[in-house]
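Here's the structure we're looking at; comments come further down.
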Amino acid sequence: MYKCLDCGSEFLSPRMREWKEPQGEYMGRPVWQTMRLEVCPDCGSEDFEDGEVCPSCGEGWVEFDDELCDSCKSEFSEMLHIFRKDVESSMKITDEMFEELVTEWLERN
């Protein structure tokens, strides 16, 4: 999966753009070379990054060193915020205790 750095589009495969460039002459006739370049299928930009499909939702783009796409990260963050409010209302919890709970939860899921 790829993500365009110019328009932000996420796509499964780039489009191949082809054109011919003159390479001189041979025996008085022009010689052409076919040039090929992979581009974003939406905007035609050459600037895109390779990544992988989000393992959680199966749709979003994920950098190889990330674990979730932006949408899933946002959803997870919102869920943690609700969880933290519930936990804080039922007992006093330190930031360190909260981080340990989150780490344990992430390792299980």
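Quick notes on this one:
- Pairwise Cα separations in the chain fall into 5 Å bins from 0 onward with the following percentages, short to long: 2, 11, 13, 13, 11, 9, 9, 8, 7, 5, 4, 3, 2, 2, 2, 1, 0, 0.
- For the chain, the longest principal axis of the alpha carbon atoms and the long axis of helix 70-90 meet at an angle near 10°.
- Length gained when the stretch CYS57-ARG36 is fully extended (0.36 nm per residue, less Cα-Cα span): 4.2 nm
- Nearest 10 degrees, 0 to 90: helix 95-108 Cα axis against the chain principal axis: 60 degrees
- Lysine pairs within the chain, Cα separation less than 28 Å, 8 or more sequence positions apart or different chains: 4
- Our coupling estimate for segment 27-32, obtained by passing each phi through the Karplus curve with A = 6.51, B = -1.76, C = 1.60 and θ = phi - 60°, is 6, x, 10, x, 10, 10 Hz, Gly and Pro reported as x.
- Taking the empirical scaling 2.2 N^0.38 Å for compact globular proteins as reference, segment 1-50 has a Cα radius of gyration ratio of 1.57.
Since every read-out is calculated from the coordinates, none of them should be taken as a lab result. Values in this document were obtained by computation on a predicted structure and should not be read as measured data.
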